[in-house]
Amino acid sequence: MPELPEVETVKNELLPHVIDRRIVGVTLVWEGIVKEPSVEEFRSRIIGQEITDITRRGKYLVISLSSEDFLVIHLKMSGSLIVSPDSLEPPRFVRAVIHLDNDTSVFFRDPRKFGVIRLVKDTSFIEDKLGPEPLEESFTPQVLAGRLANRTAPIKALLLDQKVIAGIGNMYADEALYAAGINPWKPGGSLTPQETEHLHHEIRRILWAAIENKGASVDTYFRPNGSEGSAHYEFKVAHGLGGKTCSVCGGPIERVVIRNRGTYYCPRCQPIK
Ligand SMILES: [Zn+2]
């Protein structure tokens, strides 16, 4: 599932292909991908508009249009946005195509069909769903401590809660907790100041490294040029990709289920204290 580093990579790599381009057509192979407005209104409002910017907030991509509408895209479980010349065979599992004025198109590929497109005048609904951006300067250890204060849920579940911190999903939560030596079941509000500081440092380090590596292609994620990211080659535990034994202590990596999410950790390096 695309998380912050994957969506950031899509934003960075899509931008030069689409900036200042005019949308000349839309093909909805699966109309259910457009959540709002109606399909008819979506078509009529989007065609003819220029793309003026792309930003990211959490796992959302926000594409600004010259009409002052915003195209808000969530890739969800299995979505990718791929830029390709119209003359080439489209990728498999394409649900929507945005045709640009230079004979290229943006293909929304989504095998599992959870991805969502919205065309809106106002993006404040995103803010209502999200906590702070972990890579912003303003995200300090004190901010993280404040988000976790008095919370009794396991720290793993809190890291996945987009209202606590935006953009982290199952892969990077497991990696950050492993790197910080924190047991995933530990109640969020019980982290010591030292643990919170360590976790804050590892969250940022791991997310930045994953962006450097253009995201993790563990499942169906592709970069806009159709290639894979390489962040998963550095995984120590996430998705079981680090192997069956811990690279630090040699003990077994265990898989448990926390709030319905498979969680990998090392019981020796991440003990319940
Ligand atoms: Zn270990």
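The values are calculated or read from the model by the stated rules, or taken from the named source; none is laboratory data. Worth saying up front: this structure is predicted, and the values here are computed from it rather than measured. A quick note on method: Cβ atoms are made from the backbone with ideal geometry, for glycine too, and the neighbour counts reach across all protein chains shown. Side chains included, ligands, DNA and RNA excluded: accessible areas come from the protein's heavy atoms. Shrake-Rupley method; radii C 1.70, N 1.55, O 1.52, S 1.80 Å.
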Anything in region 181-201 that is under 23 Å from the mean Cα position of the chain (by Cα) and among the aliphatic types (A, V, I, L, M)? List them, or say none. Ile182, Leu199
Which one of the conditions (1) within 14 Å of the ligand (Cβ to nearest atom); (2) in contact with a helix residue (DSSP H, G or I) (Cβ under 6 Å, 6 or more places away or on another chain) does His198 fail to meet, given that it meets all the rest? (1)
Of all residues in region 221-270 being more than 15 Å from the ligand (Cβ to nearest atom), hydrophobic (A, V, I, L, M, F, W, C) and assigned to a loop (DSSP other than H, G, I, E, B), the one that is most open to solvent (accessible area, probe 1.4 Å): Leu241
Within region 22-35, work out how many residues are open to solvent by 80 Å² or more (accessible area, probe 1.4 Å) and either touching a strand residue (DSSP E or B) at 6+ places or on another chain (Cβ under 6 Å) or polar (S, T, N, Q) (or both). 4
